[in-house]
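Here the structure comes first, spelled out in structure tokens, and everything after it is commentary.
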Amino acid sequence: MMHFFHITLLSSVLLALSACNETRSIRSQLNDADLLVNEKPDSVLNMLQSYDISSLRNASLKNHYYLLLTQAKDKCYIDETDDSLMTTVVDYYKRHRNSEKLFLSYFYLGRIQQNAGNNTDAMQTFLEAGQLFDKFDNDFYKGLLCARFGKLFESQLDYNSAVASYKQAYSYYVQSGTITHQYYTLLDIGYSLLYQGKHEEAEENITKVMEWARNNEKKAIYNYCINLLCHLYESDKDYQALDNLLENKNLFSNNNSLTCTLASAYKYARDTQPDKAFKILESSWRMASSIYDTARIYHKEYLIHKISGNHSQALDSHEKLLYVQDSIVRAALQSPLQAVQGKYFRAKDAYNSLKAKHYISLFGWLITVLILFCSTIIYIMRYKITRKNEEIIKYTEIADELRHNLYLKECKIAEISSNLAGKDAEICTMEHSIAILFSKQYKLLDKLCTVYYETHGCRKDKEAIYNKVKQEMELFSNDREFIKNLENIVNQNMNNVMAITRMAMPHLSEMDFRLLCFLFSGFSAKAISVFTGDSTGNIYVRKSRLKKEISAIEAPESSFILSQLA
């Protein structure tokens, strides 16, 4: 019996020693992975995914493993959206007082929430991580968090706050000596400055990053810099710099992005090659992947139609652009992140107030129970109360500032909505005026002419109607005063097209000008046949001849006249 007991005890000891050795080995491997995850995340991810999770026998190893796995996936651009695992990791490190690991847990929980599109939850999580800045010393991780704040503000079109966060991130990266992250952050600063309208500063940052990307063969970054410079030069109408950029962009890499495609289309339009411009513009729709791309294409359509003289199509594209822009602005500003920050700091304020009250009550209780230690307790409690009151004041000031910023955002939303409503009203008024003009002036007359044309040669019981209509038509076509008034109406409502035609083509006969006036007015061939006594076939032939003559003249008004000649 004693021999069996000794054997059992020895086996237990050997198993315990084996388990301890295995645990130490796994812990050592995880610590090594911790050192390599920022430089070789793909190797670390492969190693972690090869682990048997059942071998992680304690909570410390499991939570460290899950934190490293999430970190490696994020750095390998694998976007996780389920935050349940990282929530348990955060809870574990909150209990075990490891500030750096708790910071990383908050950070990657926020990244997962950001991947899932929960920007408000991500902002709150990142704010919790920011409260740990003073409790650990790693400038690289602090830079990562500041850069994430910048991305969130950028998504809400708050470029002032984005630039401030990116500059703070850049200073941390400089202190940590991470060159690549410095240039990526400079690019983010250039992007936000571009959309702030600070083009000189933006160009300086983007050009610096572009040079670095070319020297280090970072093709994706180089192409992105080209896209930003295209947008910058187009905004400044610096077409010489834009053309030079498009010509030289292939010196390092072939950039066939949506931005360069739209810039090329606009270049052809400026070079009076509208066919090529519209062909490239049509192909650009295959590259659109978001509502922002849709807005950019509609804007370019508007500019190209405008420069090509297609004013009705330009107006249509501009209307579509306004509706898309309205959707983008409303989506970005309907829940500004300043409101989330305000709620967070107000919650912190309430929490610290409650905590202060708790210490005050505890102070009174301890006086009655521990009278011998009252002096020490009073000192400690007063010190803590003072600290908490200072925090309350700090959070209150921050909340007031954020409420002010939120008010400014709401004013901006109201202004944008008012401008959009004004634009819609102007467009409706213009369309209504054009409809009234053509319906009142010509619709009835056009119908009478059609009736006359179709009833010609019918039985005698229709002759009275026929003769009356014919008499009215002949009176209309021979009334020079009416023809003159008709030409004035056309000039007033069609940008002086008749006056421009007379100046550009003085060799035409008066009958040709009269035919052009009828055509500009929108009369059908049948109606014009009644007015002039000519056949519809001859009218089509004369119209075709006039188009050819207009096309042949070397005058800038040629394309305008043809665009009005339906």
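The values are calculated or read from the model by the stated rules, or taken from the named source; none is laboratory data. Quantities reported herein were computed from a predicted structural model and do not represent experimental measurements. Cβ atoms come from the backbone with ideal geometry, glycine included; neighbour counts cover every protein chain shown. Each accessible area value is taken on the protein alone, full model and side chains, heavy atoms only, with ligands, DNA and RNA left out. Shrake-Rupley method; radii C 1.70, N 1.55, O 1.52, S 1.80 Å.
Which residue is farthest from Phe140 (Cα to Cα), if the candidates are limited to segment 164-176 and must be open to solvent by 10 Å² or more (accessible area, probe 1.4 Å) and of a type outside the set (Phe, Trp, Tyr)? Taking the candidates together, the pick is Ala164. Please indicate, with yes or no, whether at least one residue in segment 214-230 is open to solvent by 80 Å² or more (accessible area, probe 1.4 Å), of a type in the set (Asp, Glu) and under 30 Å from Ser559 (Cα atoms). Within segment 214-230, none of the residues are open to solvent by 80 Å² or more (accessible area, probe 1.4 Å), of a type in the set (Asp, Glu) and under 30 Å from Ser559 (Cα atoms).
Between Leu69, Leu45, the distinction of being in a helix (DSSP H, G or I) and either out of contact with any Cys (no Cβ under 7 Å at 6 or more places or on another chain) or closer than 16 Å to Glu100 by Cα (or both) belongs to Leu69 only. Screening Asp512, Asp534 for residues that are at pLDDT 75 or above, open to solvent by less than 60 Å² (accessible area, probe 1.4 Å) and part of a loop (DSSP other than H, G, I, E, B) leaves exactly one candidate, Asp534.
The set of residues in segment 181-203 that are out of contact with any helix residue (DSSP H, G or I) (no Cβ under 8 Å at 6 or more places or on another chain) and part of a helix (DSSP H, G or I) contains only Glu200. Screening the candidates Asn255, Asn250 for the property of being farther than 14 Å from Thr180 by Cα, surrounded by 16 or more Cβ atoms within 10 Å (Cβ to Cβ) and either modelled with pLDDT under 80 or basic (Lys, Arg) (or both) yields one hit, Asn255. I'd like the full set of residues that are small (Gly, Ala, Ser), within 18 Å of the chain's Cα centre (by Cα) and assigned to a helix (DSSP H, G or I), limited to segment 264-304. Result: Ser284, Ala295. Among the residues in segment 23-43, are any modelled with pLDDT under 75, surrounded by 10 or more Cβ atoms within 10 Å (Cβ to Cβ) and out of contact with any Pro (no Cβ under 7 Å at 6 or more places or on another chain)? Yes, that holds for at least one residue. Residues that are in a helix (DSSP H, G or I), touching a residue at least 60 places away in the same chain (Cβ under 8 Å) and either within 26 Å of Tyr166 (Cα to Cα) or open to solvent by less than 50 Å² (accessible area, probe 1.4 Å) (or both): does segment 143-152 have at least one? Yes: one or more hits.
Might you check whether a residue that is of a type in the set (A, V, I, L, M, F, W, C) and at pLDDT below 75 occurs anywhere in segment 316-327? Within segment 316-327, one or more residues are of a type in the set (A, V, I, L, M, F, W, C) and at pLDDT below 75. Residue check: is Thr81 in a helix (DSSP H, G or I), β-branched (Val, Ile, Thr) and out of contact with any Cys (no Cβ under 6 Å at 6 or more places or on another chain)? Considered against the rule, which asks whether it is in a helix (DSSP H, G or I), β-branched (Val, Ile, Thr) and out of contact with any Cys (no Cβ under 6 Å at 6 or more places or on another chain), Thr81 comes out as no. For Ser559, the criteria (1) farther than 22 Å from Ile307 by Cα; (2) under 47 Å from the mean Cα position of the chain (by Cα); (3) in contact (Cβ under 8 Å) with a residue 60 or more places away in the chain; (4) surrounded by fewer than 18 Cβ atoms within 10 Å (Cβ to Cβ) hold in every case but one, which is (1).
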